[in-house]
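Shown next, in structure tokens, is the structure this report addresses.
The values are calculated or read from the model by the stated rules, or taken from the named source; none is laboratory data. Keep in mind the model is a prediction, meaning the values are calculated, not measured. Note that we place each Cβ from the backbone using ideal geometry, even for glycine, and neighbour counts take in every protein chain shown.
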Amino acid sequence: MANTVNEIEAPEQDRVRAGELPPERPRGKRNLKPLMFAGGLLAVIVVVGWWWYSAGRESTDDAQIDGHIYSISARITGHVVKVNVDDNQLVKAGDVVAEIDPSDYQVTLQRLEAELADAKANAESARTGLPITSATTSSQVESARADVENNQAGLQASQQQYQASAARLREAEANNVKAQADLNRYKQLVQKDEISKQQYDQSVAAAQASAATVEAAQAALSAAQQQIAQSRGKITQAQATLRTANTAPQQVQNSRAKLSAAEAQVQKAQANLDQAKLNLQYTKIVAPVNGIVGRKTVEAGQNVQPGQQLMSLVSLDDVWVTANYKETQLKKMRVGQEAHIEVDAYGREYKGHIESIGGASGARFSLLPPENATGNYVKVVQRIPVKIVFEQGENSDRALRPGMSVTATVLLREKK
């Protein structure tokens, strides 16, 4: 049997020796060098590719969606009569979310409208009276000045008349003295029958006439004195009237002050009316932006106060990512660089870019900032908040909610 096998194998060995067949390699000793080289080369390519990929971007999973949460509160005191929304309800900007009883504010508005009308009437009256006061006072000044001048002229005429009456009185008295002396002489002569009775009677008549003339002159003098006194009184009165009329500028100023006060009352009444209109508008509490209602605490029948929070409103139109990167990752980060955001809730990748980098680490904004000036200081890598905004249209379905966890990756190159 052994001879048969050897005989069969001998021709193959002869053919190998003759070069017709390649020499058979020993089992377990095949050449693995090419395979090992290829595997090593592939590993190097993978490592270099991963290094190149990682060196061109920075990632962090310490990131979340941020957004504006508006606090809706009452601006006036009142009784809530209606609540139009519930938690998690989507509302639009301008929608009425709650209503306060407007009755008291409507009554106040009507009262202030009446007060404004009254103030406007007073102001119009003062405005109309101002030119009348100016014209009246001007004419009063001119009239008073004319009265003073006329009365002064009348005083001068009375004084002249007094002087003339005094002269006539002196003349009458002199004539009367002569007439009385002549009468006494004629009386002695008539007793002696040296003159006629007729001459004596003429002497008596002349003496009586001269005495009457004296009395008339005295009366005229007294009248002239009274006229002087009256003229002086009129002058005093006219001067007083003139002094009063000379206060025309003060009277006009006083009228202008009254007009200014009336106009100020109009402005005050108008301001009160405007405030009343605003208060009436505030009875309807409206949503400031589009969003979803949350933390609703108000119910119909509740009394509210100014500043009391009634509900919150989460805006879905303006959301962004706050990514807290290690300070060692910020070396090549710049505003405007492209970013990819992977949202845990959806497993979808969104596009965005860096809008700003925080001015301080998160620890500095904490309630109790760390104090490093101690003997047991341990260096801890700080994190800096980076604001990443979404590209336009990325959140068109408004699926992103503030507080969602994301993974943010920044491409360390400028956004084109």
Original post:
Say we look at segment 267-293 and pick out the residues that are under 30 Å from Ala399 (Cα atoms) and surrounded by fewer than 19 Cβ atoms within 10 Å (Cβ to Cβ); which of these is farthest from the chain's Cα centre (by Cα)?
Top reply: Ile292
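This table checks each residue for (1) under 44 Å from the mean Cα position of the chain (by Cα); (2) at pLDDT 95 or above.
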position: Asp318; (1), (2): yes, no
position: Val321; (1), (2): yes, yes
position: Lys332; (1), (2): no, no
position: Gly347; (1), (2): no, no
**OP:** List the number of the failed condition for Thr328; all other conditions in (1) closer than 20 Å to Gly67 by Cα; (2) over 43 Å from the mean Cα position of the chain (by Cα); (3) loosely packed, with under 13 Cβ neighbours inside 10 Å hold.
**Re:** (1)
**OP:** With the condition kept exactly as written, say whether any residue in segment 116-128 is under 17 Å from Leu280 (Cα atoms) and of a type outside the set (A, V, I, L, M).
**Re:** no
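Check Gln218, Gln188, Gln208, Gln230 and return the single one that is in the same structural domain as Ala174 (by TED's automatic domain parsing) and at pLDDT below 75. Before the answer, list the steps.
Working: Gln218 fails: at pLDDT below 75; Gln208 fails: at pLDDT below 75; Gln230 fails: at pLDDT below 75.
Testing whether each residue is in the same structural domain as Ala174 (by TED's automatic domain parsing) and at pLDDT below 75 leaves just Gln188.
Identify all residues within segment 331-351 that are among the aromatic types (Phe, Trp, Tyr) and buried (at least 17 other Cβ atoms within 10 Å of the Cβ); write none if there are none.
Tyr350 - this is the single residue of segment 331-351 that is among the aromatic types (Phe, Trp, Tyr) and buried (at least 17 other Cβ atoms within 10 Å of the Cβ).
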